[in-house]
Amino acid sequence: MWRRRWWRPWESRRRCRSRRLSRICGEIKTQFEAWSARRLDDVELDYLFLDGSHFKYHANASAEPVLTGWGIDTGGKPVFVGLAAASSESGDAWEGFLTGLGERGLACPLLVISDGAAGLIGAVERTMGAALRQRCLIHRARNVLAKVPKNAQAEVKADYWAIFDLPEDAQPGPDAVAKAQAKIDSFATRWRDSYPAAVRCLLDDRDSLTVYLRFPREHWTRVRHSNFIERTFGETRRRVKVIGRLPGEHSCLSLVWAVLDRASAGWRGFAMTSTGLRLLQDLRRSMHDPPTRLPQRNSAQHTETGPAPTDSIAIA
């Protein structure tokens, strides 16, 4: 027997929303693929920030990292340069990410800012040996405080940040680095008996904590940590938390890229003074004359990226 089918307006609206959502997702995917394949030959960076964040997008699997890189170019403008999925934050994964940027034309920056992950550090030293490396001070502070009882953390934290609080008349260069290194020694002397593990943590790779002091003073507070991109990642994680996991790798990358791409439009650039520009130009001439290209996959250029890693650390 024929039955009249009642019109349900909400079903029509739901189908329209679904089609519109599919269209938007398709457009984002297309835009992301074009962005990921774009050439970077004209991008000349002074600073490159590297970080990773974990997202869950495979059923019955743990969260996996998304690797990202953004920088500040020679004009002081922020540039979102790369985003890729990886199965881990191993040295091979980061080396593949950085090599991919090199294959698209990105040259070696002056300074790389990152956390202290061994795989990331090793990949930077293998692919960007001509760059200086700054270890994120916020990550290092967390490492140090994790080895201190809660009742003493406030005092130790204050002492830690006092290391990098230099006088207003301190000029960028070796003297500023030497002053901060002397304050690291003072920190170690004060706390080595009470919290030896925390002191050992601070002294490990200590030279990489003060490299930023060689760069323009007006940039110091922003190039001594990689926390900026981490905050943006936090916003992305907050948005996907309600759905548990993303449908897949492509959906994850498209969503993360869409959030970061929109956020990057509002990122503040760096102030560029005449004194700062001269300092950066001097560093560029001493480190990248001629300009240093990143290594290519299966290429002999892998051995032509500049000074050995130990040399770049010694410079710092």
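Using the Kirkwood radius built from alpha carbon pairs, what does the Stokes-Einstein equation give as D for segment 161-229 at 4 °C and 1.567 mPa s, in µm² per second? Translational D for this selection: 101 µm²/s.
Given their separation in residues at 0.36 nm each and the Cα-Cα distance between them, residue 249 and residue 207 gain 11.4 nm when the chain is fully extended.
Counting heavy atoms of the protein chains alone, residue 251 has an accessible area of about 50 Å² for a 1.4 Å probe. The label-point distance for residue 268 and residue 158, in a model that sets each label 7 Å from Cα toward Cβ, rounds to 2.7 nm.
Roughly to the nearest percent, how much of the accessible area of segment 79-162 is carbon and sulfur, given a 1.4 Å probe?
Answer for segment 79-162: carbon and sulfur cover 52 percent of the accessible area.
Fully extending the segment from residue 63 to residue 218, taken as 0.36 nm per residue of separation minus the present Cα-Cα distance, adds 52.0 nm. For residue 66, the residues whose modelled amide H falls within less than 5 Å of its own, excluding neighbours fewer than 5 places apart on the same chain, are 53, 54, 55. Overall, the anisotropy analysis places segment 98-161 in the prolate class: the square-rooted eigenvalues a ≥ b ≥ c of its C-alpha gyration tensor yield a/c not less than 1.5, with a/b exceeding b/c. According to the square roots a ≥ b ≥ c of the eigenvalues of the Cα gyration tensor, what is the shape class of segment 62-198, taking rounded for a/c under 1.5, prolate for a/b larger than b/c otherwise, and oblate for the remainder? The shape class here is oblate. The alpha-carbon of residue 183 sits under 17 angstrom from the alpha-carbons of these lysines, leaving out residues fewer than 8 places away in its chain: 157. The distance between label points at residue 33 and residue 56 comes to 2.9 nm (points 7 Å beyond Cα on the Cα→Cβ vector).
The values are calculated or read from the model by the stated rules, or taken from the named source; none is laboratory data. Keep in mind that what you see is a predicted model, and the values were worked out from it rather than measured. Cβ atoms come from the backbone with ideal geometry, glycine included; neighbour counts cover every protein chain shown. These area figures cover heavy atoms from the full protein model, side chains too; ligands, DNA and RNA do not enter into them. Shrake-Rupley method; radii C 1.70, N 1.55, O 1.52, S 1.80 Å.
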